[in-house]
1. If the Cβ limit is 9 Å and pairs must be 6+ apart or interchain, which residue in the stretch 261-273 that is over 13 Å from Ala104 (Cα atoms) pairs with which residue that is of a type in the set (S, T, N, Q) and open to solvent by 30 Å² or more (accessible area, probe 1.4 Å)?
2. List the number of the failed condition for Val290; all other conditions in (1) open to solvent by 90 Å² or more (accessible area, probe 1.4 Å); (2) within 26 Å of Pro140 (Cβ to Cβ); (3) free of Cβ contacts under 8 Å to residues at least 60 places away in the same chain hold.
3. In the list Phe68, Phe89, Phe55, Phe77, which residue meets the criterion of being in contact with a helix residue (DSSP H, G or I) (Cβ under 9 Å, 6 or more places away or on another chain) and more than 25 Å from Asp207 (Cβ to Cβ)?
4. Output the number of residues of the stretch 251-287 satisfying the condition of being small (Gly, Ala, Ser), assigned to a loop (DSSP other than H, G, I, E, B) and in contact with a helix residue (DSSP H, G or I) (Cβ under 9 Å, 6 or more places away or on another chain).
5. Taking the stretch 225-248, which residues are more than 24 Å from Leu33 (Cβ to Cβ) and outside any strand (DSSP E or B)?
6. Would you be able to tell me the number of residues in the stretch 205-224 that are outside any loop (DSSP other than H, G, I, E, B) and open to solvent by 20 Å² or more (accessible area, probe 1.4 Å)?
7. Picking from Ser314, Ser322, which residue would you name as being more than 24 Å from the chain's Cα centre (by Cα) and modelled with pLDDT of 95 or more?
Amino acid sequence: MEVRGAFSSDGGKSHRELTPLRLIRGVVCLLVLLLTAFMTLVYCGFVSAVLLRLFSIHHSRKVTSFFFGSWLALWPFLFEKINKTKVIFSGEIVPARERVLLIANHRTEVDWMYLWDLALRKGCLGCIKYVLKSSLMKLPVFGWGFHILEFISVERKWEKEQISPSRSVQGVKAYAAEHGLPILNNVLLPKTKGFYACMEDLRGSLDAVYDVTIGYKPRCPSLLDNVFGVNPSEVHVHVRRIALDEIPTSEEEVSAWLTNIFQLKDQLLSDFYLQGHFPNQGTEGDLSTVKCLVNLVALMMLISTFTFLTIFSSAWFKVYVSLVCCYLSSATYFNVRPKPLL
């Protein structure tokens, strides 16, 4: 997580004014995203991630990733095509469809969404998984999606302590000084134990580790900034591919290696704030407008059918939706997934 403001070319003000048109357009987009999320979960998610899972976990995950990859693709379409936010990639050109562990700086509630822009370009949007704080699993509708997509929830003791952000920053700096660790200006110290645990379990099934650094212009956005299209004007994503043989295997060496990676990330962000860009820009092309529109139209036709069946068709569809909502709520709360019958 970053602890200072991003590069600002206009004194930190919004790039665009919140006009009535942007307000109406943002509300419509948000309602569409919520409706499509709900219908995709109730009809597609339940069938693929629950019923199909009773027979095959592999095919269940494949079908689930297809449907939710189609829904997640709506967000890059919103960011890049509707809001006209420039997403600029830099660093290395990375292969498509690799199995990777991704580490990134985390400053706002939406920066992990911009990783969808990279995943969409690499053809693996529906397969991406996140490690997230367990409280997010309690969100209505979206918590169901996190559960169905098998995101990994963790407890974060730091967030249970009700302390101010300034005290948090001072606490991090004091901790670093006491333990002989570098004091970073733009990112917090990494969770080395969590990274080591992931590498221990996944090393045999990974192709590489991606070090991703994200910067914003003119300032760091919030979720509503993105929805209404007022911020950011540009998102800069720097990608560095790290081969597995470059990563040590012992816990102490991994801790030192990851700390060094975040020192480099910290310097990279400092240079970004001064220069306004990362080195070696232009490693990824623009999204295809045609493909985005085809996906949007196909998904809207499907969701319109589900909505019609729910509202205007037989009462049995209303019963189905109610029962699925009850199941998804309880399954998410108790972290329950069905096991194959065979």
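The values are calculated or read from the model by the stated rules, or taken from the named source; none is laboratory data. On a predicted model such as this, the values are computed, not experimentally measured, just so you know. Counting neighbours? That spans all protein chains shown, and the Cβs are built from the backbone with ideal geometry, glycine included. Only protein heavy atoms, including side chains, enter the accessible area calculation; ligands, DNA and RNA are left aside. Shrake-Rupley method; radii C 1.70, N 1.55, O 1.52, S 1.80 Å.
1. Ser270/Asn185; Tyr273/Ser8
2. Unmet condition: (2).
3. Values: Phe68 fails: more than 25 Å from Asp207 (Cβ to Cβ); Phe89 fails: more than 25 Å from Asp207 (Cβ to Cβ); Phe55 fails: in contact with a helix residue (DSSP H, G or I) (Cβ under 9 Å, 6 or more places away or on another chain).
Selected residue: Phe77, the only one of Phe68, Phe89, Phe55, Phe77 that is in contact with a helix residue (DSSP H, G or I) (Cβ under 9 Å, 6 or more places away or on another chain) and more than 25 Å from Asp207 (Cβ to Cβ).
4. Going through the stretch 251-287, the residues small (Gly, Ala, Ser) turn out to be 255-256, 270, 276, 282, 285.
Cutting the leftovers down to assigned to a loop (DSSP other than H, G, I, E, B) gives us 276, 282, 285.
With in contact with a helix residue (DSSP H, G or I) (Cβ under 9 Å, 6 or more places away or on another chain) added as a condition, the list becomes 285.
The number of residues fulfilling the criteria is 1.
5. Here is the first cut: in the stretch 225-248, the ones more than 24 Å from Leu33 (Cβ to Cβ) are 236, 238-248.
Matches in the stretch 225-248: Ala243, Leu244, Asp245, Glu246, Ile247, Pro248.
6. First, the residues of the stretch 205-224 that are outside any loop (DSSP other than H, G, I, E, B): 205, 208-217, 223-224.
Filter again for open to solvent by 20 Å² or more (accessible area, probe 1.4 Å), leaving 205, 217, 223-224.
Adding up the residues that qualify gives 4.
7. On the way: Ser314 fails: modelled with pLDDT of 95 or more.
Answer to the selection: Ser322.
Residues checked against (1) hydrophobic (A, V, I, L, M, F, W, C); (2) crowded, with 20+ Cβ neighbours inside 10 Å; (3) modelled with pLDDT of 90 or more:
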| site | (1), (2), (3) |
| --- | --- |
| Arg4 | no, no, no |
| Pro20 | no, no, yes |
| Leu33 | yes, no, yes |
| Ala37 | yes, yes, yes |
| Val50 | yes, no, yes |
| Thr64 | no, yes, yes |
| Ile88 | yes, no, yes |
